[in-house]
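*Asks:* Take this structure, written in structure tokens, and hold onto it; I'll ask about it next.
The values are calculated or read from the model by the stated rules, or taken from the named source; none is laboratory data. None of the values given here were measured: they were computed from a predicted structure. Here the Cβ is made from the backbone with ideal geometry for all residues, glycine too, and neighbour counts use every protein chain on show.
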Amino acid sequence: MSHAVTPAWDLTALLNAADPKAELAARNLWLARLLEWLRHDEQDGGHQPLLRLKHLLNLLDRHPEHRAAFAAVLGSIWRDMQATGLFADVGFAPRMALWSECLHRLRLHLLPGTVDTRELSELFAQLFPAASDEHWLAAIDDELLTRLAALLGEATSGGGDWRAPMLSGLTVLISAVRAAGLSGPLRQRMSAELLAQQPFEQLARAAERFTDALTAGDDAALRQSLQYLRALLQSCRQAAATVPEHLEAYGVSVDLMFEVEQLIARSQRIEALLDCLVSPQPARELSRLAAALVRVNHERRSLRTLFARHYSLLARKIAERSAETGEHYITRDRDEYRDMLQRAAGGGAIIAGTTLAKFAIMAIGLTAFWGGFWAGANYALSFVIVQLLHWTVATKQPAMTAPAMAHKLGHISDEAGLQGFVDEVVHLIRSQIAGIAGNLALVAPLVLLAQGAAWLIAGAPLVGEKEAHYVLHSLSIAGPSPLFAAFTGVLLFASSLIAGWVENWFVFYRLDSAIAWNPGIVGRLGAARAQRWAAWWRGNISGLAANISLGMMLGLLPALLLFFGLPLEVRHVTLSTGQLAAAVGALGFGVMGTAAFWACVAGIALTGALNLGVSFYLALRVALRSRGIQVADQARLRRALWQRLLQAPRSFLLPPR
């Protein structure tokens, strides 16, 4: 909710307008306008509200009639409002599902609020709409705090015990923490050792003993019950903190992690309320609580904060699963380098067939959607065959190897760690070059061989002159190919995310165990075959997801984007090389002496660099974000890499002897 800014000289008018007999919405609006005056033209790092607060208190001290009316309005608001929700609900999600919370925050952003409410938790957001309110509330000095507490004490003197809403909020929070801790999904994933003492089961009774001791004024019982309640809360937080350890082994659910965070935050709010209730100087603790409520209320409205918090763990799991795969794509010695060349050559042979099949699909003349669908199916089938034969396609490597690199970045604080990271970069670049070289070494000759065989057998090439001229035009570096190659790099990265997500889903729901031990499946397959199937799916689900999703995106996305007026195409270095070889087979080797051919060669070289570079960069960003790594010494990394390049340039191309 927003109001017109009230000028400084309107304070007297505001005090004159204080009417404890007005309807509640009008009194709430009066209080909101008073706080607007307090923060008006906020300057000096947040000190302006403190100067105005001091001026307000001085004026009230000099004018008892204004002070009485002021206190009467505040007291009437306190009596007529429901305050429990302020302590129990502000900053917490009423829903435990992440996406419903996302929609709730979106509604808070788009729809205006109102002061016409009896819930103090709702009014609180209108009273403190600026995130900077936290700072001046926390900066109130002891002298001002004492005077303000005296004024608020006058206001609430006729409204019963000020602690009653806090105790009600405490009861609500204890119930929420207890219910979350005893819920099946969380209880099954907490440490059995930490749950042995049943901390969640004992919370309600411990809170009752604390409330009874506080109400009775029994100091000895209060100290004992407070110590016991806080020990239980600490045990509950420790148990909840073990949930991510289980998820690291058994997959991630962002909804579960959202619930864990809410449980821990509620237990911390309980601690803050306990501080207020038992402190000999509750005003200071209440000031800290108010500042904290302002902060969490604004965090509660932030979509960016929501996703940054709750998807960091999912990003980490995806990155780590990709990192496990990525290690297989990094060669460190001659034997591994030779093996990479051989596997990449096998992948190039498959892609040669993929290239010719693509031209055949284009020749049929299907509509845009179905042409894209069958092209995608062609790519997906080819990539799956490459996977099942344990061969490789070079451009799939970067999105998998980047998380493995991010793991190394966590150890660059010392010189040995820095040099280890440089070694990994060298190994990675050399592996990428080997992968591309192996792919291209076979794809071009095999496509040329197929074109030549068609000339000999049928008197015409498989790919005709019309398609060949289109290839020379479309692959040229002077056209939009660089943009399309970068777009393809994004798709390569997206396929790695899909692979990590699908594998995480497979592990989280324990589908490998279901395949191995489900009675119906075991009855159909037999025990031994069920175990083999479970192991096969567990080992291949990530690769299948990556390959099928990449293939379908390469085929379908351009057709779908064209429907929306975005003429984006894909440029894959290995497929583009096969297409150029098909053009040479159709037009003859004389075309290799033309400028158009060499413009295509340059375009393919840039395509390879962009395919690799864009997908690697995006994957590295996700991996770094998931680990919370901030590379503050980027210049140090660059110097180390340049030094290695100058000292041993050959190591970037060939493995050591």
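*Asks:* Looking for something touching a residue at least 60 places away in the same chain (Cβ under 8 Å), in the same structural domain as Phe589 (by TED's automatic domain parsing) and of a type in the set (A, V, I, L, M, F, W, C) - is there at least one such residue anywhere in the stretch 532-547? Give the steps one after another, and end with the answer.
*Replies:* Taking the stretch 532-547 as the starting set, the residues that turn out to be touching a residue at least 60 places away in the same chain (Cβ under 8 Å) are 540, 542-544, 546-547.
Filter again for in the same structural domain as Phe589 (by TED's automatic domain parsing), leaving 540, 542-544, 546-547.
Pick out the ones that are also of a type in the set (A, V, I, L, M, F, W, C) and you get 544, 546.
Yes: one or more hits.
*Asks:* Further, regarding this structure: Residue check, Ala196 against (1) touching a residue at least 60 places away in the same chain (Cβ under 8 Å); (2) surrounded by fewer than 15 Cβ atoms within 10 Å (Cβ to Cβ), all met but one. Which one?
*Replies:* (1)
*Asks:* When you look at Ser495, is it buried (at least 18 other Cβ atoms within 10 Å of the Cβ), among the polar types (S, T, N, Q) and out of contact with any strand residue (DSSP E or B) (no Cβ under 7 Å at 6 or more places or on another chain), yes or no? Write out each step before concluding.
*Replies:* Working: buried (at least 18 other Cβ atoms within 10 Å of the Cβ): yes; among the polar types (S, T, N, Q): yes; out of contact with any strand residue (DSSP E or B) (no Cβ under 7 Å at 6 or more places or on another chain): yes.
Considered against the rule, which asks whether it is buried (at least 18 other Cβ atoms within 10 Å of the Cβ), among the polar types (S, T, N, Q) and out of contact with any strand residue (DSSP E or B) (no Cβ under 7 Å at 6 or more places or on another chain), Ser495 comes out as yes.
*Asks:* Let me ask something else. If you scan the stretch 47-67, which residues turn out to be assigned to a helix (DSSP H, G or I) and surrounded by 14 or more Cβ atoms within 10 Å (Cβ to Cβ)? It would help to see each step written out before you state the result.
*Replies:* Residues of the stretch 47-67 assigned to a helix (DSSP H, G or I): 48-62, 64-67.
Across the stretch 47-67, the qualifying residues are Gln48, Pro49, Leu50, Arg52, Leu53, Lys54, Leu56, Leu57, Leu59, Leu60, His66, Arg67.
*Asks:* List the helices (runs of 4 or more DSSP H) that sit entirely inside the stretch 297-376 and contain at least 3 residues that are crowded, with 19+ Cβ neighbours inside 10 Å and at pLDDT 90 or above.
*Replies:* Working: elements: 303-310, 312-326, 334-364.
Counting at least 3 such residues, we get 334-364.
*Asks:* Checking the conditions here, which among Thr392, Thr401 is at pLDDT below 95 and in a helix (DSSP H, G or I)?
*Replies:* Values: Thr392 fails: in a helix (DSSP H, G or I).
Matching residue, one of Thr392, Thr401: Thr401.
*Asks:* Shifting gears a bit: Do any residues in the stretch 427-445 that are over 12 Å from Gly347 (Cα atoms) and touching a residue at least 24 places away in the same chain (Cβ under 8 Å) have Cβ atoms under 8 Å from those of residues that are among the basic types (Lys, Arg) and surrounded by fewer than 23 Cβ atoms within 10 Å (Cβ to Cβ), where the two are at least six apart or on different chains, and which pairs are they?
*Replies:* Here the result reads His427/Arg332, each pair linking the stretch 427-445 to a residue that is among the basic types (Lys, Arg) and surrounded by fewer than 23 Cβ atoms within 10 Å (Cβ to Cβ).
*Asks:* All but one of (1) over 16 Å from Leu356 (Cα atoms); (2) surrounded by fewer than 19 Cβ atoms within 10 Å (Cβ to Cβ) hold for Val502; which doesn't?
*Replies:* For Val502, the failing item is (2).
Conditions (1) in the same structural domain as Arg510 (by TED's automatic domain parsing); (2) at pLDDT 95 or above; (3) aromatic (Phe, Trp, Tyr), marked per residue:
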| residue | (1), (2), (3) |
| --- | --- |
| Arg189 | no, no, no |
| Phe200 | no, yes, yes |
| Gly217 | no, no, no |
| Arg230 | no, yes, no |
| Gln234 | no, yes, no |
| Val254 | no, no, no |
| Ala272 | no, yes, no |
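*Asks:* I'd like the full set of residues that are free of Cβ contacts under 8 Å to residues at least 40 places away in the same chain and either β-branched (Val, Ile, Thr) or in a helix (DSSP H, G or I) (or both), limited to the stretch 216-227. Even if it seems obvious, please write down each step before you answer.
*Replies:* If we filter the stretch 216-227 for residues that are free of Cβ contacts under 8 Å to residues at least 40 places away in the same chain, which is where we start, we get 216-221, 223-225, 227.
Hits for the stretch 216-227 are Ala216, Asp219, Ala220, Ala221, Arg223, Gln224, Ser225, Gln227.
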